[in-house]
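Below is one structure, written out as structure tokens, with a few remarks after it.
The values are calculated or read from the model by the stated rules, or taken from the named source; none is laboratory data. Note that this is a predicted model, so its numbers are computed, not measured. Positions of Cβ are generated from backbone atoms using ideal geometry, with glycine treated the same way; all protein chains shown enter the neighbour counts.
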Amino acid sequence: MKNRYSSKDVDTYAWFRNASEHGDPYAQFNLALMYRRGKGVERDDRTAFTWMRQSALQGIAFAQNHLGAMYYNGAGTPADDTEAVYWFRKAARQGDASAQQNLGLMYRKGRGVPRSDEMALTWFCRAAEQGVASAQSLLGEAYAQGLGTKRHFPLALAWFRKAALQGDATAQLNLGLMYRRGHGVLQSDTQAVAWYRQAAAQGLAAAQRHLGVAYAEGRGVPADLARACSWLQRAADQGDVDAQFNMGVMLSNGYGVRKDETQAFIWYRRAAEAGHMLAQYNLGGMYAHGRGIERDPGEALQWYRKAAEQGAANAQFNVGVIYANGHGVAKDEACAVAWYRNAAEQGDASAQNNLGVMYANGHGVPQDDGEAVRWYRRAAEQGHPLAQYNLGGMYASGRGVDRDSVLSYMWISLAAEAGDETACSNRKLIERRLTREEIGSAEQMTRRWRDAHGA
């Protein structure tokens, strides 16, 4: 069998081994790297750790930094954040820029030390001032987000630019986002796309996703759904959850690609399993309606519920509907009311209307016409046709409000104009009981409402 190590590597290993055994700390460091990388010798993290520690104990800063990383990653030794911090700090105090950045990250994450954005900022500054691009990028993030300091967009922009010009992909993406949002710089979608493109070319998934979205929306580039899909696919293939969701959207609608709900289901599922709220909601819809997958009410409820528990109002509404009707689950009107209320309090008009229905009929809650009117009104004011019709009905019968045929006519007219067929029929019945003056008043009120709320 041919030796898998080059003769040069084998000779180098022998030289470092001999010098290491004679106590040379630089040789010990290099020997440790050869064991870590499997160059000239079988890869062996334990032996690498032993030699790295000997070099670190002799005060070699870059060995101390590497030793800290081995403790952090549990390479050749059990993972130990406290030991990692100890060695990062020893190297950082000697001016090792990589160790300074690593120590800053330990403070930002609160690993081995109490979490402190202020201390993280201090160490990022020291590394950034030595020209380390990744530290400059981290420092830019601190100023952009106000981590350990006041938010300062011009400083964030300056540090991002320094790192971006050195080729740091994360900084290039962040610089693009600064231009996209107009933070610390004149807003420019064209400049944003230029920086996204540089980061995307380096394979940064988030940049590929942002570039895909730019093509989809025609921001900074001519709209091109095929190119959008191409960039989103690259990001999704790397595991970018938002891009996976977007691929689901593209495939389910045939945007820039042949419509394929089976493939859309696969992408939604991947994103949903990673916790993406909107993907969970859309996946629930696919199971509920049998799109891209066989209809399964139980699975629909499971995914709607996951999104609902993350706060998605439309998912909360759908969970309420499922419990109210007993679709794939035992009917539970009290549970339905609870989910409707969660969505209604977030402003979901359909949930507000349904909550009104539950109060009006005493389903899952004590019957209460006043509460029914309150929820119908909130939905009706948002332009929900069924709620407008229901509110009109409450005015017509004097339930929860004083009977008022004019207001009844107004709300039912609005529902009829929105296409509610029952409202169209009932408006004619109410109209027969009104005087010409009352009809004129109701029509004037209807026009005022439309003017205030839009068509």
All positions within the range 147-156 that are under 17 Å from Val185 (Cα atoms) and either of a type in the set (Gly, Ala, Ser) or touching an Asp or Glu at 6+ places or on another chain (Cβ under 7 Å) (or both):
Ala156
Only one of Gly347, Gly400, Gly362 that is more than 30 Å from Tyr287 (Cβ to Cβ), at pLDDT 95 or above, surrounded by fewer than 16 Cβ atoms within 10 Å (Cβ to Cβ) and small (Gly, Ala, Ser)
Gly362
Scope the range 177-190; condition under 16 Å from Gln145 (Cβ atoms) and under 21 Å from the mean Cα position of the chain (by Cα); matching residues:
Leu177, Met178, Arg180, Arg181, His183
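Assess whether Ala69 counts as being within 20 Å of Thr50 (Cβ to Cβ) and surrounded by fewer than 21 Cβ atoms within 10 Å (Cβ to Cβ).
yes
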From the list Arg180, Arg209, Arg151, exactly one residue is more than 30 Å from Val249 (Cβ to Cβ) and among the basic types (Lys, Arg). Which is it?
Arg151
Looking only at the range 403-436, which residues are of a type in the set (Asp, Glu) and at pLDDT 90 or above?
Asp404
I'm told Thr170 meets every condition in (1) closer than 28 Å to Ala200 by Cβ; (2) assigned to a loop (DSSP other than H, G, I, E, B) except one. Can you identify the failing condition by its number?
(2)
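So how many residues does the range 85-95 have that are over 15 Å from Ser116 (Cβ atoms) and surrounded by fewer than 24 Cβ atoms within 10 Å (Cβ to Cβ)?
Qualifying residue count for the region: 5.
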Any hit, the range 68-77, residues being under 34 Å from the mean Cα position of the chain (by Cα) and β-branched (Val, Ile, Thr):
no
Quickly run through the range 221-254 and pick out the residues that are closer than 21 Å to Tyr281 by Cα, surrounded by fewer than 17 Cβ atoms within 10 Å (Cβ to Cβ) and out of contact with any Asp or Glu (no Cβ under 9 Å at 6 or more places or on another chain).
Gly239, Asn253
Of all residues being closer than 11 Å to Ala171 by Cβ and among the hydroxyl-bearing types (Ser, Thr, Tyr) in the range 127-150, which is surrounded by the fewest Cβ atoms within 10 Å (Cβ to Cβ)? Just the residue, please.
Ser134
Of the residues Ala334, Ala300, only one is aliphatic (A, V, I, L, M), assigned to a helix (DSSP H, G or I) and under 21 Å from Leu278 (Cβ atoms); which?
Ala300
Subset of the range 163-184 [out of contact with any Ser or Thr (no Cβ under 6 Å at 6 or more places or on another chain) and buried (at least 17 other Cβ atoms within 10 Å of the Cβ)]:
Ala164, Ala169, Gln172, Leu173, Asn174, Leu175, Gly176, Leu177, Met178, Arg180, Gly184
Picking from Gly40, Gly23, Gly68, the residue that is assigned to a loop (DSSP other than H, G, I, E, B) and either touching an Asp or Glu at 6+ places or on another chain (Cβ under 8 Å) or under 30 Å from Arg111 (Cα atoms) (or both) would be Gly40
